[in-house]
Amino acid sequence: VLLALLPGEIGGTIIPVPDEPKNVRIVLPPPISATGKVTIAGRPISEYPGNVRIYAGYEGLGKLDQYLSIDTTANRDGAFSLEGLTPGRYTVQAALDNIWLSKGVKFNVTADSERKQLKLDIPEPGAGTIIELQNAKGAPLPNRSLNVHEPDGPITRILHPRIYNTDGKGAVWIAGLTAGPHRISVSESGTQSDINVPPLSEKSGSPRRVVVKVPNSGEN
């Protein structure tokens with residue numbers, strides 16, 4: 001196939017390439033854009049230092065998705081613009097300093113769709129957290145895998161691993177969680193546990209330590 005687009009201005013058109021291409025005619029879609037605003041914990045992003053990234057991930061065309069996606073930065077008032085959208089399905093997500101993430105917002109784009117107005121909110125940034133896995137007797141569980149349930153979206157898939165592995169002391173350090181409750185799952189045992197991450201503003205100089213008991217760990 002052949003993909004043609006004007007990045008930042010006009011979205012893409014995909015056409016099959018004939019076996020013996022001669023005169024290939026390409027018709028680009030009309031200019032399509034969307035605007036929006038991002039906040040942090042419901043407040044203006046200007047109250048927080050750092051950059052806010054906006055990523056609109058195209059979905060449905062496999063390896064071509066990355067070329068039709070749009071990566072931009074919000075202004076200091078939180079406003080952003082997505083120019084050169086391609087008709088199809090997108091999920092847009094915001095990130096503060098590529099660490100703390102908003103939920104992904106899905107929207108469909110058509111050639112005659114009205115200009116989209118998107119709203120994104122990044123929850124309060126949370127402090128770094130050390131999660132320690134222990135068996136029922138309090139012994140550490142090294143080399144175990146755990147999953148932290150995070151909002152799905154294109155930035156989550158790019159930057160945040162799905163699985164974290166504990167070290168030789170049964171611990172793993174996780175940065176980038178927003179403040180509030182989070183659920184973790186221990187892969188080998190299926191154990192689930194809820195942890196609470198404090199706001200970054202309350203950080204006392206060392207990461208928060210959370211102990212998770214894994215009763216059916218298979219170790220005595």
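The values are calculated or read from the model by the stated rules, or taken from the named source; none is laboratory data. What you are looking at is a predicted structure, and each value in this text was computed from that prediction instead of being measured. Note that we place each Cβ from the backbone using ideal geometry, even for glycine, and neighbour counts take in every protein chain shown.
List of remarks:
- Long-range neighbours under 6 Å by Cβ, at least six apart or interchain, first residue under 23 Å from Ile122 (Cα atoms) within the range 191-220, second of a type in the set (Asp, Glu) and modelled with pLDDT of 85 or more: Pro199/Glu124
- Residue within the range 59-78 that is of a type outside the set (Asp, Glu), touching a residue at least 60 places away in the same chain (Cβ under 8 Å) and touching a helix residue (DSSP H, G or I) at 6+ places or on another chain (Cβ under 6 Å) present: no
- Top-ranked residue in the range 152-173 [being under 17 Å from Gln192 (Cα atoms) and surrounded by 14 or more Cβ atoms within 10 Å (Cβ to Cβ); ranked as nearest to the chain's Cα centre (by Cα)]: Tyr164
- Tally of residues being closer than 21 Å to Arg115 by Cα and either over 18 Å from the mean Cα position of the chain (by Cα) or free of Cβ contacts under 8 Å to residues at least 40 places away in the same chain (or both) across the range 19-58: 9
- One residue stands out among those in the range 28-42 that are among the β-branched types (Val, Ile, Thr) and part of a strand (DSSP E or B): the one that is nearest to Trp100 (Cα to Cα), which is Ile40.
- Residue in the range 81-94 that is free of Cβ contacts under 8 Å to residues at least 12 places away in the same chain, in the same structural domain as Pro44 (by TED's automatic domain parsing) and part of a loop (DSSP other than H, G, I, E, B) present: no
- When restricted to residues that are among the hydrophobic types (A, V, I, L, M, F, W, C) and at pLDDT below 95, the range 86-99 contains 1.
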